[in-house]
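> Starting off with a structure, shown below.
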Amino acid sequence: MSSMISAGTTAAGGAIPQHHHVRKGRIVISKVTPAKLWLRSVLAVLVFFTLYGFLTIDTAGADLPASFVQTVRYFWIMFTSPRAVASHFGMSQSAGGFPVFLSAVKVLGITLALAFLSTLTGGVVALVLGLLAARNLTNDRISNTIKGIVAFIRAVPTVLWVLIFAIGAGLGAVAAVIGMSFHTVGHLMKAYSESFEELDEGVIEALRASGAKWPHIIFQAVMPSSITSILSWTFIRFEINFAVAVAMGAAAGAGGIGFNLFMSAGYFFDIREIGYITLMILVVALLMEVIAARLKKHYQPDAL
Amino acid sequence: MPQLHVKNLTKYYKDVLALSDVSFAVEKGDFVGIIGPSGSGKTTLVRCINRLITATGGEICLNNDKNILEMNRSEIRKARTGIGMIFQHYNLVDRLTVIENVLHGRLGYKNTVSGVFGHYTEGEKRKALEVLGLLGLDEHVYRRCDQLSGGQKQRVGIARALVQEPEIILCDEPISSLDPGSSKKIMDYLRKIQSELGITILVNLHQVDVARTYAKRILGFNNGKLVYDGPSELLTTERIQEIYGKEAHELILN
Ligand SMILES: Nc1ncnc2c1ncn2[C@@H]1O[C@H](COP(=O)(O)OP(=O)(O)O)[C@@H](O)[C@H]1O
Ligand SMILES: [Mg+2]
């Protein structure tokens, strides 16, 4: 023990005995591995392109500082004096603020319905597939097959699925819902089966040992154990689908508030209406956040 | 006529021989301790009895009924209702309450629909409460299982086995995860179940002294072979050496 301490003091004073820890007279505390070299090169390339992009950006002769001020001003107008044009929501010009609001809520409802329908459809399919794919509930072959197929579904972006189904169904709500459901299956099946897999195999075995049937085990042990995470995943997906449904309203003609947003932004150039719609969407998003928190608390009261 | 009859039982995992030509019989109401070093086949034996594992060869008969190795799915399921099982890690559904876990012991008697929806009869619920009372768990009936101590969880495990109204209970190292105090309590409950309810108990243990204290009869395994089958009083130091190997005996006896 004492010899180790004295070795340490001499080392601090002058020569350090372990040569491989030293480079150019300094103690090295991290080794350069190939992985680290790769990471550094990638970072260097990214930094280069970022700088290059900023320096060579085509501003079309705009006065950057002035444009910046203007942008801030537009945002200010957008969110401080939002209002909707009655005729854009299918109302007569003379309609008051509240009826227009109600009609906008109705359009927002369409977007929510698109999100709800695709989450529900996708969720149900994902639940069944998730049970079949969970490693502790089936054999490896079925599990791997399903997981492989679903990984492919998940790898294709939602928009692409919508466009693929638009070939058959035409652009519109049907293609949007089918496409969104497809990607929802891909996402939720993985999330569900992973939460099923968290259940200890011993629990399943214990029920099997007492003569319980497969469906009993699923509904009496697997589901109660994973209900919280299933609910939160489903809700997270609903939030995602809501955002996607807004985009699909514009991109795939699925209708709903997204289409109005598209019209006011790309056709009417109505900043104040954009603000109106954006605020509505924001409120819905916040509400969903609150509901999600409540749900979690309700189903897992002691885990908080 | 013995209640449980095991004849020439053999189990291979691929080419690993886990049980080699094991034969013994157990009378109704016996308390049997199964000992042996780890890897000697104790777990494999108890799992073969309720067919969680299918043995490679041999015969297992309960009450002179059909050989468990030759049963089809529904026959196995029916046979399992009569065999309770208790595990080292309790294997309860943590998110559910004590009584919900205990009632799981009745699923074996239910059809698909009523089991899926968890419809239990008043009689079954009464039975569950009665069993919980017997195990001193009255105050914890509605507690979630993840809030219980290890000893309490194991008592819930025992309760789940008891509502099955089994004629035999298999225990795979029921006290290996417990402190000495809780271990004694659990072993005392098992003894009570055997003596008062007349249920046969087969228990894997790796503490020889515990096996000797509680079991009237000991089965000693070494490397898949049954090397000792007799009353616990005759389990001498030489016999223990035969089961555990020469080097081990000092460790075990201290
Ligand atoms: N699922 C399995 N697959 C392959 N070998 C196994 C398996 N389970 C147990 N074994 C082997 O069988 C033998 C007996 O194991 P086990 O019954 O668990 O013994 P014990 O319970 O006495 O410790 C050991 O050699 C073990 O490695
Ligand atoms: Mg074991």
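The values are calculated or read from the model by the stated rules, or taken from the named source; none is laboratory data. Just so it is clear, the model here is predicted, and its values are computed rather than measured. Cβ placement follows ideal geometry from the backbone for every residue including glycine, while neighbour counts extend to all protein chains displayed. Side chains are part of the model used for accessible areas, which takes the heavy atoms of the whole protein and leaves out ligands, DNA and RNA. Shrake-Rupley method; radii C 1.70, N 1.55, O 1.52, S 1.80 Å.
> Suppose R0 equals 22 Å. What FRET efficiency, 1/(1 + (r/R0)^6) with r the Cβ-Cβ distance, do residue A:145 and residue A:198 give to the nearest 0.05?
Numbers: r = 22 Å, r/R0 = 0.98.
My answer for the efficiency is 0.55.
> I would also like to ask the following. Per residue of B:107-115, what is the mean number of Cβ atoms on other protein chains within 10 angstrom of that residue's Cβ? Write out the running numbers ahead of the final one.
On the way: counts 12, 8, 3, 5, 2, 5, 1, 1, 8.
Counting other chains' Cβ atoms within 10 Å and averaging over B:107-115 gives 5.
> Using a 7 Å offset from the Cα along the Cα-to-Cβ direction at both residue B:13 and residue A:102, what is the distance between the two label points in nm, to one decimal?
Once both label points are built, they end up 7.0 nm from each other.
> Expressed in nm to one decimal, what extension gain is obtained for the pair residue B:130 and residue B:146 from 0.36 nm per residue of sequence separation less their Cα-Cα distance? Show your work: numbers first, answer last.
On the way: separation 16, 0.36 × 16 = 5.76 nm, distance 2.20 nm.
Stretched fully, the residue B:130-residue B:146 segment lengthens by 3.6 nm.
> Right, next: Report, in whole Å, the centroid distance computed from the Cα atoms of region A:127-176 and region B:14-92.
Computed from Cα coordinates, the inter-centre distance equals 42 Å.
> Near residue A:147, which aspartates and glutamates are there with a Cα under 17 Å away, not counting those fewer than 8 places off in the same chain?
A:194, A:197, A:198
> Would you mind working out the magnitude of the charge dipole of the protein assembly as shown relative to its Cα centre, with +1 at each Lys and Arg C-beta and -1 at each Asp and Glu C-beta, to the nearest 20 Debye? Before the final figure, lay out the partial values.
Numbers: 54 positive and 44 negative charges, 154 e Å.
Charge dipole of the protein assembly as shown: 740 debye, to the nearest 20.
> Same structure again: How would you order A:198-211, B:16-29, B:191-204, A:81-94 from highest to lowest mean count of nearby Cβ atoms within 10 Å?
Output ranking for A:198-211, B:16-29, B:191-204, A:81-94: A:198-211, B:191-204, B:16-29, A:81-94.
> Turning to a different aspect of this structure: Would you please state the base-10 log of I(q)/I(0) at q = 0.07, 0.10, 0.12, 0.15 1/Å for chain A, with intensities from the Debye formula using one equal scatterer on every alpha carbon?
Debye intensities relative to I(0), on a log10 scale: -0.51, -0.84, -0.99, -1.19.
> Under 24 Å Cα to Cα from residue A:297, which lysines show up? Leave out anything in the same chain fewer than 8 places away.
Partners found: A:190.
> How large is the dipole of chain A about the Cα centre if only Lys and Arg carry +1 and Asp and Glu carry -1, each at its Cβ, rounded to the nearest 20 debye?
Numbers: 21 positive and 14 negative charges, 142 e Å.
That gives a dipole near 680 debye.
> Calculate, for residue A:29 and residue A:63, the FRET efficiency according to 1/(1 + (r/R0)^6) with r their C-beta to C-beta distance and R0 51 Å; round to the nearest 0.05. Provide the component values of the computation, followed by the final result.
Working: r = 49 Å, r/R0 = 0.97.
Computed FRET efficiency for residue A:29 and residue A:63: 0.55.
> Please give the solvent-accessible surface of residue A:98 in Å², to the nearest 10, using a probe radius of 1.4 Å with every protein chain present.
Accessible area, nearest 10 Å²: 130 Å².
> Let me ask another. Using the Kirkwood formula on the Cα atoms of region B:93-165, what hydrodynamic radius do you get, in angstrom to one decimal? Numbers along the way, then the final one.
Values: mean 1/r = 0.0830 Å⁻¹.
Its Kirkwood hydrodynamic radius stands at 12.0 Å.
> Before anything else, pin down the relative contact order of chain B: Cα pairs under 8 Å, at least 6 apart, normalised by residue count, whole percent. Write down the numbers at each step before the final one.
Working: 477 pairs, mean separation 69.1, N = 254.
For chain B, the relative contact order is 27 percent.
> Heavy atoms only, 1.4 Å probe, whole protein assembly: order A:267, B:228 by accessible area, highest first. Working shown, then result.
Working: A:267 155, B:228 15 Å².
Greatest to least solvent exposure: A:267, B:228.
> On average, how many beta carbons from a partner chain sit within 10 Å of the beta carbon of a residue in A:218-229?
Numbers: counts 1, 6, 12, 9, 1, 3, 6, 4, 1, 1, 1, 0.
The mean count of partner-chain Cβ atoms within 10 Å per residue comes to 4.
> For a quick protection proxy, order the peptides A:55-68, B:133-146, A:100-113, A:216-229 by their average other-Cβ count within 10 Å, most packed first.
Values: A:55-68: 8.3, B:133-146: 15.3, A:100-113: 18.0, A:216-229: 20.1.
In descending order of packing, they fall as A:216-229, A:100-113, B:133-146, A:55-68.
> By the scheme Lys and Arg +1, Asp and Glu -1, what is the net charge of all other residues having a beta-carbon under 14 Å from that of residue A:288?
Spelling it out: positives minus negatives among the neighbours equals +1.
> Take peptide B:159-168, look around each residue's Cβ out to 10 angstrom, count Cβ atoms belonging to other protein chains, and average those counts. It would help to have the intermediate numbers written out before the result.
Numbers: counts 0, 3, 3, 0, 1, 3, 0, 1, 0, 0.
Counting other chains' Cβ atoms within 10 Å and averaging over B:159-168 gives 1.
> Sticking with this one: Quick one: if the Förster radius is 51 Å, what FRET efficiency do residue B:184 and residue A:294 give, using the C-beta to C-beta distance and rounding to 0.05? Working shown, then result.
Details: r = 46 Å, r/R0 = 0.90.
The value I calculate is 0.65.
> Please report, for the Cα atoms of the protein assembly as shown, the Rg to one decimal and the Dmax as a whole number; what are they, in angstrom?
When restricted to Cα atoms, the protein assembly as shown yields Rg and Dmax of 33.9, 104 Å.
> If the limit is 19 Å between Cα atoms, which of B:11/B:216; B:184/B:216; B:7/B:225 go over it? Can you show the working numbers first?
Values: B:11/B:216 27 Å; B:184/B:216 17 Å; B:7/B:225 13 Å.
Among B:11/B:216; B:184/B:216; B:7/B:225, the Cα-Cα distance tops 19 Å for B:11/B:216.
> Any of B:153/B:185; B:42/B:246; B:14/B:78; A:213/B:66; B:42/B:78; B:28/B:110 with alpha carbons more than 18 Å apart? Name them for me.
Working: B:153/B:185 12 Å; B:42/B:246 20 Å; B:14/B:78 29 Å; A:213/B:66 21 Å; B:42/B:78 24 Å; B:28/B:110 26 Å.
The pairs that break the limit, which is 18 Å between Cα atoms, are B:42/B:246; B:14/B:78; A:213/B:66; B:42/B:78; B:28/B:110.
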